[in-house]
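Each remark here refers to the structure printed beneath this line.
The values are calculated or read from the model by the stated rules, or taken from the named source; none is laboratory data. This is a predicted model, so every value here is computed, not measured. We place every Cβ from the backbone using ideal geometry, glycine too, and count neighbours over all the protein chains shown.
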Amino acid sequence: MIYTAQEGRYSTGEAIGILLLDALLPLPPGDVANATTFSFPVRYRVVKAASIDRLIYERDPALLEPFIEAGRELAREGVKAVTSDCGFMALFQEEIANALPVPVFLSSLLQVPFIHRTLRRGEMVGIIAADSRQVTERHLRAVGIDESMPVKIVGMENQPNFCDAILNEKGVLDFEKVEREVVQVAERLVGGEAKVKAILLECSNLPPYAAAVQEAVSLPVYDFITMINHVFSAVVRKRFDGFV
């Protein structure tokens, strides 16, 4: 086996690159920005001044170039695919995918067309967003969700513990309290719409509570982690080890 050095690359072995917002957030295991969430190494890049407010509430188009440059840096450092830590980066999915030399999958919402095709006709994907008021048609179309794919969107914007820890960046997260809030939102989602037969967690801070949600509603639960694991399994194939 011959290995070759590459100019400017000082480490290797991280297949997934993750763009991070410049935010003050507690990061329990299961969060995209907690490296112990994954069974494989990941590489992070903070995009300075890319705040929650600028991305989610202002939808600032000036963020595009810093995101592209950070993604290019990750690609130069050897990652095989680039994702992010916020589902609202869906706004830039097409532009950044066109600009990078590796696959780009910025939002967990990209899974919705796939999930939709796994359901029976008339059944719906339920989406739990960080703030449902900010999920626009533009976000949905950017990830391939159209009128043929019925979705029911609810959010965490009225949940005080989640809002303080994540949207308001207070810096402290009470895991048990936030978990109860997420479960309650999921239960209301499913209880209020019988056609919801799968749940997608939009926010990258919600996967820590995915197991509790599934225990409560007994439905498939998709999130950033199911998406990242899926892509990793495609960009790093391993030989099968078995017998016949």
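Descriptive notes on the structure:
- Region 45-59, residues that are buried (at least 21 other Cβ atoms within 10 Å of the Cβ) and among the charged types (D, E, K, R): none
- Among the residues of region 1-23, the one identified as surrounded by fewer than 10 Cβ atoms within 10 Å (Cβ to Cβ), among the small types (Gly, Ala, Ser) and over 13 Å from Ala75 (Cα atoms) is Ala5.
- The C-beta contact set for region 87-101 (first residue of a type in the set (Asp, Glu), second residue assigned to a helix (DSSP H, G or I) and surrounded by fewer than 23 Cβ atoms within 10 Å (Cβ to Cβ), distance under 9 angstrom, 6+ apart or interchain) comprises Glu94/Ala142; Glu95/Leu64; Glu95/Ile68.
- Positions within region 112-131 being surrounded by 22 or more Cβ atoms within 10 Å (Cβ to Cβ) and either outside the structural domain of Leu189 (by TED's automatic domain parsing) or assigned to a loop (DSSP other than H, G, I, E, B) (or both), in sequence order: Ala130
- Test: residue in region 85-104 that is within 20 Å of Asp223 (Cβ to Cβ), surrounded by fewer than 17 Cβ atoms within 10 Å (Cβ to Cβ) and touching a strand residue (DSSP E or B) at 6+ places or on another chain (Cβ under 8 Å): yes
- Of everything in region 173-221 that is among the polar types (S, T, N, Q) and buried (at least 20 other Cβ atoms within 10 Å of the Cβ), the residue that is farthest from Thr83 (Cα to Cα) is Asn205.
- Selection of first residues in region 209-220 that are in the same structural domain as Glu187 (by TED's automatic domain parsing) and closer than 13 Å to Gln184 by Cβ and of second residues that are assigned to a loop (DSSP other than H, G, I, E, B) and at pLDDT 95 or above, restricted to Cβ pairs under 8 Å at least 6 apart or on distinct chains, gives the following pairs, ordered by first then second residue: Tyr209/Gly30.
- Residue within region 2-22 that is free of Cβ contacts under 8 Å to residues at least 60 places away in the same chain, touching a Gly at 6+ places or on another chain (Cβ under 8 Å) and not in a loop (DSSP other than H, G, I, E, B) present: no
- Count - residues of region 151-163 that are part of a loop (DSSP other than H, G, I, E, B) and within 18 Å of the chain's Cα centre (by Cα): 2
- Candidates Ile145, Ile166 - the one that is in a loop (DSSP other than H, G, I, E, B) and buried (at least 18 other Cβ atoms within 10 Å of the Cβ): Ile145
- Residues of region 60-78 classified as surrounded by 15 or more Cβ atoms within 10 Å (Cβ to Cβ) and either touching a Cys at 6+ places or on another chain (Cβ under 8 Å) or in contact (Cβ under 8 Å) with a residue 60 or more places away in the chain (or both), total: 2
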